[in-house]
1. Can you compute the modelled spin-label distance between Arg126 and Ala153, with each label point 7 Å from Cα toward Cβ, in nm?
2. In the chain, which longest range has no GluC sites (Glu not before Pro) that are both DSSP loop (not H, G, I, E or B) and surrounded by at most 14 other Cβ atoms within 10 Å?
3. All other residues with a Cβ under 12 Å from the Cβ of Glu44 taken together, and with Lys, Arg as +1 and Asp, Glu as -1, what is their net charge?
4. Counting only helical runs of four or more DSSP H residues, what would the 222 nm mean residue ellipticity of the chain come to if each run contributes -39,500 (n - 2.57) and the total is spread over all its residues?
5. Would you list Ser177, Ser31, Ser121, Ser103 from fewest to most Cβ contacts within 10 Å?
6. How big is the dipole moment of the chain about its Cα centre under a simple scheme where the beta carbon of each Lys and Arg is +1, that of each Asp and Glu is -1, and everything else is neutral? Debye, nearest 20, please.
7. Out of (i) 33.1, 123; (ii) 19.8, 64; (iii) 18.6, 56, which label holds the value of Rg and Dmax of the Cα atoms in Å that was computed here?
8. Select from the chain the helices, each a whole stretch of DSSP H, whose alpha-carbon atoms run 15 Å or more along the helix axis and whose Kyte-Doolittle mean is at least 0.5; answer none if there are none.
Amino acid sequence: MLNKRHGAILGILEAQGALPLAALATALGVSAETVRRDVRAMAEAGAVVRVHGAVGLAGQTGEAPFDRRMRENAGAKRAIARAMAEQIGDGDSLMLDTGTTTSFLARELLTHRRLTVVTNSSDIARTLATVNGNRVFMAGGELRGDSGAALGASALEFIRSFAVQHAIISAGAVDASGVMDFDLQEAEFARMVLACGERRVVVTDASKFGRRGFIRVAGFDHVDLVATNAPPPPEVAAAMAAAGVTLQLCASPTAAGSLAG
């Protein structure tokens, strides 16, 4: 923490969520330029995230770096991945976008054989390629340094020609309007994935429910199944039910044992 006012900024963002810079300046009673300097320093230190003229804590405005997200809610993501892997048979075809839960799913699929996998994730491609007779097709495009995802027009054009049994995407946020994300190119890719699948699946841990992303991926009318680890809020559950979406709750072994006890 660089100065006392930075502590006040964190307190306001914690209480009110992400705010435009002008609103934050008003709340602090300082000039917009002062807030801009404070936010710049705090963003460089990793304390806040700036997105589209607003500022907030990392969990409010976007997703944390990929490696850190792989450690967050890992037990829940692993349980979801394990349950999904049980629904995929040897020889099946699937398309996976870049996400922590889909990366966990790739690891759960290591005992499967002769899979045909289409993905834009270098992590998923490395995990499943050259093992058990799998065929892996990796989309080309600009490679993100954080997530190892290939994105952009060439990646979209590449996957457009595939038709798979299971189209599986992760989610940055899920509210009553459907699935959302924080990155335009990732949202575009996930939307295209859903269009390529016979069975359209969203895998997401329950921390994403009630969050609202900046970019719409798809409404629930474009989703067949949502696999998660805990029930969504009532308004989200109602929207899923109205669209005919199947909700699958995937408990971790530890959680299941606690419930049984």
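Read-outs throughout are calculated quantities, based only on the coordinates presented, and are distinct from any laboratory measurement. This structure is a prediction, so every number in the text was calculated from the model and none was measured. Cβ: placed from backbone, ideal geometry, glycine included. Neighbour counts: every protein chain shown.
1. Distance between label points: 3.0 nm.
2. The answer is 87-261.
3. +2
4. So the helix-based figure for the chain works out to -12000 deg cm²/dmol.
5. Fewest-to-most Cβ neighbours within 10 Å comes out as Ser31, Ser177, Ser103, Ser121.
6. Roughly 420 debye for the chain.
7. Of the labelled values, this structure produces (ii).
8. Result, helices passing both filters: 184-195.
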